[in-house]
Amino acid sequence: MTSIDQTRRLRVVFVGHVDHGKSTLIGRIFYDTKSLPDGKVEQMQAACAAENMEFEYSFLLDALLEEQAQNITIDTTQIQFKTAKRPYVIIDAPGHKEFLKNMITGAASADAAVLLIAANEGIREQSRRHGYLLSLLGIKQVVVAVNKMDLVDYKQEVFDQVVRDYTAFLKEIGMEARQFVPVSARNGTNVALRDLGVPNPMPWYSGPTITDMLDTFEPPKSLTELPLRFPIQDVYRFDDRRIFAGRIEAGSLKVGDTLIFSPGSKTGVIKSIEVWNAPEKTSAKAGESVGITLTEQLFIERGHLASHQTDAPIESNCFKARVFWMGKSNLAIGQRTKLKLTTQELDAEIVSIERIIDASTLEALPGDRGYIARNDVAEVTIQVRGALAFDNADRNALLGRFVLLDGRQVGGGGIIFGGTYSDRTQPKSANIFWSEGNVTPEQRYARNGHKGAVVWLTGLSGSGKSTVARALERELFNLGIQTYILDGDNIRHGLNSNLGFSPEDRVENIRRVAEVAKLMAGAGVVAITAFISPYQADRRKARTIACEAGVDFYEIHVAAPLEICEQRDPKGLYKKARTGEIKEFTGISAPYEAPESPEITVATGNQSVAESVAQILVFLRQRIKVDAEFEI
Amino acid sequence: MNLDFREHPAYAKLYPAPVPNVPPVFFPETIARGDAAHLDALEAQSIFLIREAFHHFKKICMPWSMGKDSNVLIWLTRKAFGGHIPYPLLHIDTTYEFPEMIAYRDWAVEYHGLNLIVKINEDARAGRGAYAERGPIGYDTTDPVTVTHELKTVALQQVMAENQWDALITGIRRDEDPTRAKERYFSPRTKDFEWDYKDQPPEFWNQFTTSCAPGEHVRVQALLDWTERDIWMYIQKEGIPIPQMYFARKGKDGNKYRFRSLGCWPISGPVESEADTIDGIIEELANTKTSERAGRAQDHHERNAMQKLRAKGFM
Ligand SMILES: Nc1nc2c(ncn2[C@@H]2O[C@H](COP(=O)(O)OP(=O)(O)O)[C@@H](O)[C@H]2O)c(=O)[nH]1
């Protein structure tokens, strides 16, 4: 057995602008590394001669793919080539239509990429776009082949210019090519062989060839050196053991370690690592699929992320991300979708789009679109229902990336950036205070015994917002929870006394309410707002304001049918609206946009105030609760 | 149990019947290989996939052909679930199995404690019901592609309809045949078992299509990244018991033969081989130029036969 066979095949993806020579380069690599079936080249050359056609190396790839499709002689594994060092497999050869979808599916598992730029044309749209996608996918081992050097008389200036321009582009997206290689794929210069039996047309370049470069690349390293990340995949109770199963994505663990499970702050000690038909095991590391047991009973389920207490992941319901979308339909702001990150799966929505990026120029697309479309790349803020445990992608790529669903299928993906880590170690004594640094939200929450939040009531005039708000406030207060109502009475007369009822003023009114509610929630209070807030856009804005400050936001639709509200008409407003005395009255002469996906809907038309409040309390207490273990 | 198959027609040609009354199972010696580090990653990924499948699908089943890949799947399942096998296994019995394979099946059910469902398309074999007009389907009367379709694909459809499974964990490998190159780990199939390979859902970062509409199902291909050689190296590393027929026996012409892939006896041919150990098989694979299914007549019967069978829902 040779040593080559024993090495893992390195997975390489070839990308670049159309016609810049991908197929030719692949064909040439096959030829020069003698990875083709015997007689193939001669056969093709003869066929071309008979047709009076010039032989092209790209035909070799076409022929391989063709035969593959025809299933005659070539095994799939033949879309691989070997250098003296090891075997390679080419994933997703170029030339298909559904490019983004297939490129991403293929390239997401690539270990390395060859990006082609034709010297005679220079950097083109796809040269940039593909480079950007490689960066999103986290592929760092990239060699740039500056191809068709024969067409520019092998001039060093041309090559240097491409190197300068493309290096600058890559730098903007935080990437770096390992090497630029001047190549003539057609003639084989700097592809795989140094000696082609002709004088070297580029004596000014003495660096590595394309295959030399590929040989320097490494298979992916498992993330053993990073902090532990062990997403719980499932919990098994097939016998008297309670096994927490999953794959360790980063770091390592051993029997006796204390783990903290995010979201939340439950901790447990590893009792054993369970194995079947293998020697006893006391430690495990990144890349292994394992099952562990804990010393005590804990309610942990799929979606919990285990880590050590130091270096725990970020836990939040809101974050910024760079996303790409390839769904069949558009993904609009506020549209409910599902987000999957490792084994976590949560309802999610885009709350704002910072910019939609043209991946070829890195410029933001002009205009203010409220959605992302197929093939878009964008920077967005995402909110999930519930808490998500994750890392910034630059700290841990595996925990900083997620997919968004389009129906049942994966519709897009994204990487998270800019999240803030907070210290989640448990303070040991009641008297410890950090002398430096701010008071963290966690500390405030721990002091209060609950989290702050914005509880945003929306509904028609007369639907019962104020009544429900007051009853809710009383209940919360009685439970020892800090709470406060913001409503027309205390806001309109003071903070917003300079605002009227024009459309602009209504928008500003809601914005100010949202800002104040956010501050109060940040201070640890459950801030209840009771405004009609009829427009979807305004409420979304309010959500974004809270979300960006890391504050939980719960939208509650106080929903009573218009007829009932009009019947009740406590302040006689509907009557005035009907007679035209009040203009632009919501529900009568101005629209009410009901929430599409509120956290709760309370049907105040047919249930009592007490029932509505109970419904909200059940939901809220779960979410503002701070785990008992987490105390100062 | 009668374990003397010398009179069985399956052994009428080159390949001889096994020594009478020897259990049809081979226990490989467990050997730690120096070149097997990559198997750890393959194993971890397969266990991850199997656990994902088990989590997401309520009604799940693992087809089991008794062959080497199938036995690796059982092994990985037991590793994934702390020794347990928490779903039924399914054997689609064409009634053309080598008799020693049936003996192996009985042995394995006991050894692993399998919950095994055996499915035969009885109507097709007997020429009843929907087959009343055509008459019995079998290799003596019908062409091999049709036999495979009726006795495997249709049998599978029948048993799927009876059990309403929403996912099947299979042992398809990408290196097996070219149509599988573009397969996904979680591959949705329509009600008619069709595989729309031109418009497959994206799959990356270990996030899969983990639900399907009623009547549809998902194939979870837990061995997709393995090669034939990886399978053998893993069998050796773990000492996984497998059928005897993979190892060389002296044929009636004095040469030695073994099976690389096991199928229906009327259309399965052995390959000439000296390999009577796993080392021997691994060595042999390093030098072979023919494909794994070269011994199966069904694949040669028609050009593109595999592709057709695949699109129709065959494994
Ligand atoms: N002169 C010259 N032409 C080349 C070279 N590489 C590719 N080409 C030509 O460029 C055209 C497009 O090449 P192809 O490999 O099909 O590009 P792809 O679309 O990136 O796969 C073909 O006509 C090739 O012959 C090169 O190094 N020199």
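In segment A:117-128, which residues are out of contact with any Leu (no Cβ under 9 Å at 6 or more places or on another chain) and among the basic types (Lys, Arg)? Correct list: A:124 only. Taking residues in segment A:297-317 that are away from chain B (no Cβ under 14 Å) and farther than 24 Å from residue A:550 by Cα, and partners anywhere that are assigned to a strand (DSSP E or B) and among the hydroxyl-bearing types (Ser, Thr, Tyr), the pairs with Cβ atoms closer than 9 Å and at least 6 places apart or on different chains are A:298/A:267. For segment B:59-77, the count of residues that are hydrophobic (A, V, I, L, M, F, W, C), out of contact with any Gly (no Cβ under 8 Å at 6 or more places or on another chain), part of a helix (DSSP H, G or I) and buried (at least 23 other Cβ atoms within 10 Å of the Cβ) is at least one. Screening residue B:58 on (1) more than 12 Å from chain A (Cβ to nearest Cβ); (2) at pLDDT 95 or above shows it passes everything except condition (2). If the condition is being closer than 12 Å to residue B:16 by Cβ and open to solvent by 10 Å² or more (accessible area, probe 1.4 Å), then segment B:252-281 contributes B:252, B:253, B:254, B:255, B:256, B:257, B:270. Among the residues of segment A:19-57, those identified as within 12 Å of the ligand (Cβ to nearest atom) and among the polar types (S, T, N, Q) are A:23, A:24. Against the numbered list (1) open to solvent by 10 Å² or more (accessible area, probe 1.4 Å); (2) within 23 Å of residue A:83 (Cβ to Cβ); (3) of a type outside the set (S, T, N, Q), residue A:202 comes up short only at (1).
Per this entry, residue B:119 is not counted among residues that are open to solvent by 20 Å² or more (accessible area, probe 1.4 Å), basic (Lys, Arg) and within 30 Å of residue A:408 (Cα to Cα). Residues of segment A:59-80 that are modelled with pLDDT under 75, within 16 Å of the ligand (Cβ to nearest atom) and assigned to a helix (DSSP H, G or I): A:61, A:62, A:63, A:64, A:65, A:66. Condition first: of a type in the set (A, V, I, L, M) and closer than 20 Å to residue A:396 by Cβ. Can you find one or more residues in segment A:316-326 that meet it? Within segment A:316-326, one or more residues are of a type in the set (A, V, I, L, M) and closer than 20 Å to residue A:396 by Cβ. For beta carbons closer than 9 Å, sequence separation of 6+ or different chains, a first residue in segment A:361-382 that is within 20 Å of residue A:347 (Cα to Cα) and open to solvent by 60 Å² or more (accessible area, probe 1.4 Å) and a second that is at pLDDT 85 or above and not acidic (Asp, Glu), the qualifying pairs are A:371/A:330; A:371/A:331; A:371/A:332; A:371/A:333; A:371/A:335; A:371/A:350; A:371/A:353. Here residue A:393 passes the criteria (1) open to solvent by 40 Å² or more (accessible area, probe 1.4 Å); (2) touching a residue at least 12 places away in the same chain (Cβ under 8 Å); (3) part of a loop (DSSP other than H, G, I, E, B) except the one numbered (1). Each residue in segment A:574-593 was checked for being without any contact (Cβ under 8 Å) to a residue 60 or more places away in the chain, open to solvent by 50 Å² or more (accessible area, probe 1.4 Å) and assigned to a loop (DSSP other than H, G, I, E, B), and 5 of them qualify. When residues in segment B:219-237 are screened for being surrounded by fewer than 21 Cβ atoms within 10 Å (Cβ to Cβ) and either touching a strand residue (DSSP E or B) at 6+ places or on another chain (Cβ under 9 Å) or at pLDDT 95 or above (or both), 0 of them pass. So for segment A:426-441 (the condition being modelled with pLDDT of 60 or more and open to solvent by less than 40 Å² (accessible area, probe 1.4 Å)), does at least one residue qualify? Scanning segment A:426-441, I find no residue that is modelled with pLDDT of 60 or more and open to solvent by less than 40 Å² (accessible area, probe 1.4 Å), so the answer is no.
Scanning segment A:241-276 for residues that are within 11 Å of another protein chain (Cβ to nearest Cβ) and not in a strand (DSSP E or B) returns A:241, A:242, A:248, A:249, A:275, A:276. At least 3 residues being at pLDDT 90 or above and either open to solvent by 50 Å² or more (accessible area, probe 1.4 Å) or under 19 Å from residue A:601 (Cβ atoms) (or both) is the threshold, and among the helices (runs of 4 or more DSSP H) wholly inside segment A:457-543 those reaching it are A:465-478, A:503-522.
If you go through segment B:86-95 and keep only what is open to solvent by 20 Å² or more (accessible area, probe 1.4 Å) and closer than 19 Å to residue B:155 by Cβ, you end up with B:88, B:92, B:95. What number goes with the only condition from (1) surrounded by fewer than 23 Cβ atoms within 10 Å (Cβ to Cβ); (2) within 14 Å of chain A (Cβ to nearest Cβ); (3) touching a residue at least 12 places away in the same chain (Cβ under 8 Å) that residue B:83 does not pass? Checking residue B:83 against (1) surrounded by fewer than 23 Cβ atoms within 10 Å (Cβ to Cβ); (2) within 14 Å of chain A (Cβ to nearest Cβ); (3) touching a residue at least 12 places away in the same chain (Cβ under 8 Å), the one that fails is (3). Report yes if some residue within segment B:27-49 is open to solvent by 40 Å² or more (accessible area, probe 1.4 Å), part of a helix (DSSP H, G or I), within 14 Å of chain A (Cβ to nearest Cβ) and of a type in the set (A, V, I, L, M); otherwise report no. The answer is yes, given that some residue of segment B:27-49 is open to solvent by 40 Å² or more (accessible area, probe 1.4 Å), part of a helix (DSSP H, G or I), within 14 Å of chain A (Cβ to nearest Cβ) and of a type in the set (A, V, I, L, M). Scanning segment A:205-240 for residues that are touching a residue at least 24 places away in the same chain (Cβ under 8 Å), more than 14 Å from chain B (Cβ to nearest Cβ), surrounded by fewer than 18 Cβ atoms within 10 Å (Cβ to Cβ) and among the hydroxyl-bearing types (Ser, Thr, Tyr) returns a single hit, A:216.
Here residue A:16 fulfils each of the conditions (1) at pLDDT 80 or above; (2) within 14 Å of chain B (Cβ to nearest Cβ); (3) within 16 Å of the ligand (Cβ to nearest atom) apart from (2). Any residue at all in segment B:131-143 that is under 20 Å from the mean Cα position of the chain (by Cα), assigned to a helix (DSSP H, G or I) and not small (Gly, Ala, Ser)? Checking segment B:131-143: not a single residue is under 20 Å from the mean Cα position of the chain (by Cα), assigned to a helix (DSSP H, G or I) and not small (Gly, Ala, Ser). Counted as qualifying within segment A:81-192 are the helices (runs of 4 or more DSSP H) with 1 or more residues that are closer than 20 Å to residue A:322 by Cα, touching a His at 6+ places or on another chain (Cβ under 8 Å) and within 15 Å of the ligand (Cβ to nearest atom), namely A:99-107, A:125-136.
Can you give me the number of residues within segment A:277-296 that are more than 21 Å from residue A:237 (Cβ to Cβ), assigned to a loop (DSSP other than H, G, I, E, B), in contact (Cβ under 8 Å) with a residue 12 or more places away in the chain and more than 11 Å from chain B (Cβ to nearest Cβ)? Qualifying residue count for the region: 1.
The values are calculated or read from the model by the stated rules, or taken from the named source; none is laboratory data. Because the structure is predicted, anything quoted here is derived from the model rather than measured. Positions of Cβ are generated from backbone atoms using ideal geometry, with glycine treated the same way; all protein chains shown enter the neighbour counts. Heads up: the accessible areas ignore ligands, DNA and RNA and are worked out on the full protein's heavy atoms, side chains in. Shrake-Rupley method; radii C 1.70, N 1.55, O 1.52, S 1.80 Å.
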